[in-house]
Amino acid sequence: MNIPSLLAGLFSGILGGMGLGGGGILIIYLSLFTDTKQLTSQGINLLFFVPIGLLAVIVYAFKKQIKWKITLKFAGFGLLGSVIGLCLTDFLGGKITGKLFGLLLIILGLLEIFKRNTKTVEKPKE
């Protein structure tokens with residue numbers, strides 16, 4: 001394994017552990033720099049995040065930062081969305097899926113750059 005692969009895995013894990021979606025880095029790295037097909041990159045990404053997600057859940061649960069009632073509702077719909085996504089991926093194929101993923105990253109990047117920060121962090125009262 002080479003240094004760029006190790007760094008891609010490390011940064012994907014860091015972002016994933018923070019809940020920020022490190023899959024973007026991993027999929028981009030695998031697809032562009034290792035000649036891995038888009039659908040294979042997606043599969044690797046999904047498997048990669050099973051242990052990372054499990055560890056993050058354990059840590060966040062220990063810190064009591066998970067609201068289980070709402071989380072379970074989201075998880076149920078997330079499972080339904082996963083099944084729909086799998087069917088769409090099979091139907092669309094890797095090339096279109098890759099282009100849609102790239103478009104999504106561009107849109108999210110632009111939104112992040114141009115959005116106004118309406119939330120302010122409150123300082124604790126002394």
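The values are calculated or read from the model by the stated rules, or taken from the named source; none is laboratory data. The shown structure was predicted, so the numbers you read here are calculated from the model rather than taken from an experiment. Cβ sites come from the backbone with ideal geometry, for glycine too, and all protein chains shown count toward neighbours.
The rows are residues; the columns are (1) among the hydrophobic types (A, V, I, L, M, F, W, C); (2) surrounded by fewer than 10 Cβ atoms within 10 Å (Cβ to Cβ).
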| residue | (1), (2) |
| --- | --- |
| Gln42 | no, no |
| Ile52 | yes, no |
| Gln65 | no, yes |
| Lys69 | no, yes |
| Cys87 | yes, no |
| Gly93 | no, no |
Checklist outcome for this item: Listed by first then second residue, the pairs whose first member lies in region 100-113 and is within 20 Å of Gln42 (Cα to Cα), whose partner is part of a helix (DSSP H, G or I) and of a type outside the set (Ser, Thr, Tyr), with beta carbons under 7 Å and at least 6 positions apart or on separate chains, are Phe101/Ile27; Leu105/Gly24
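Quick check: anything in region 72-84 free of Cβ contacts under 8 Å to residues at least 40 places away in the same chain and either of a type in the set (Phe, Trp, Tyr) or not in a helix (DSSP H, G or I) (or both)? Step through it out loud before you land on a result.
Just the residues of region 72-84 that are free of Cβ contacts under 8 Å to residues at least 40 places away in the same chain, to begin with: 72-84.
From what's left, either of a type in the set (Phe, Trp, Tyr) or not in a helix (DSSP H, G or I) (or both): 74, 77.
Yes - at least one qualifying residue is present in region 72-84.
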Checklist outcome for this item: Contact list, first residue from region 7-25 and at positive phi and surrounded by 17 or more Cβ atoms within 10 Å (Cβ to Cβ), second anywhere and in a helix (DSSP H, G or I) and aliphatic (A, V, I, L, M), beta-carbon distance below 6 Å, six or more apart or interchain, is none
Item to check | Hits in region 26-40 - residues which are more than 14 Å from Thr97 (Cβ to Cβ) and either of a type in the set (Asp, Glu) or surrounded by 14 or more Cβ atoms within 10 Å (Cβ to Cβ) (or both) | outcome: Leu26, Tyr29, Thr34, Asp35
Next on the checklist: Can you find a residue that is at pLDDT below 85, closer than 26 Å to Gly13 by Cβ and β-branched (Val, Ile, Thr) anywhere in region 95-113?
Outcome noted: yes
